[in-house]
Amino acid sequence: MITNPAPGRPEPVRVTRGLIAFMAVMVLPAILATAIVGGAWAVSDEVYAAQQAAADGRPTDVAGWKTSLVAVCPIH
């Protein structure tokens with residue numbers, strides 16, 4: 001049993017596997033969102049150029065994952 005060392009002072013937080021897992025779950029969406037936005041920003045010029053080329057009747061050569069990434073990103 002851990003006793004409070006002094007009245008009015010909180011007990012220290014123990015870093016357990018559960019706490020680390022909780023922190024990872026809380027941070028993971030922010031990391032994932034940053035990766036999606038950064039990736040879409042990196043390939044958006046190429047995707048938009050391919051879309052313009054398709055509208056002009058020229059052949060396009062852009063990877064499908066790049067088009068999907070730009071379509072998924074809410075900013076682009």
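The values are calculated or read from the model by the stated rules, or taken from the named source; none is laboratory data. Predicted, not measured: the structure shown is a model, and the values here were computed from it. Because the Cβ atoms are built from the backbone with ideal geometry, glycine has one as well, and the counts that use them run over all protein chains shown.
When you check GLY64 against the structure, is it out of contact with any Phe, Trp or Tyr (no Cβ under 9 Å at 6 or more places or on another chain), at positive phi and modelled with pLDDT under 90, yes or no?
no
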Task: Residue in region 14-25 that is surrounded by fewer than 10 Cβ atoms within 10 Å (Cβ to Cβ), within 26 Å of VAL72 (Cβ to Cβ) and either of a type outside the set (Asp, Glu) or at pLDDT 85 or above (or both) present - done: yes
- [ ] Check ALA6 against each of (1) at pLDDT 85 or above; (2) surrounded by fewer than 12 Cβ atoms within 10 Å (Cβ to Cβ); (3) of a type in the set (Gly, Ala, Ser) and name the one condition it does not meet.
- [x] (1)
- [ ] Using the structure shown, decide if ALA53 is surrounded by 12 or more Cβ atoms within 10 Å (Cβ to Cβ) and of a type outside the set (Val, Ile, Thr).
- [x] yes
- [ ] Could you give me the residue pairs with C-beta distances under 9 Å whose first residue belongs to region 53-76 and is without any contact (Cβ under 8 Å) to a residue 12 or more places away in the chain, whose second residue is in a loop (DSSP other than H, G, I, E, B) and polar (S, T, N, Q) wherever it lies, and which are 6+ apart or on separate chains?
- [x] ALA53/THR60; ALA54/THR60
Open item on the list: Looking at region 61-76 only, could you name the residues that are more than 22 Å from ALA30 (Cβ to Cβ), of a type in the set (Gly, Ala, Ser) and part of a helix (DSSP H, G or I)?
Closed with: GLY64
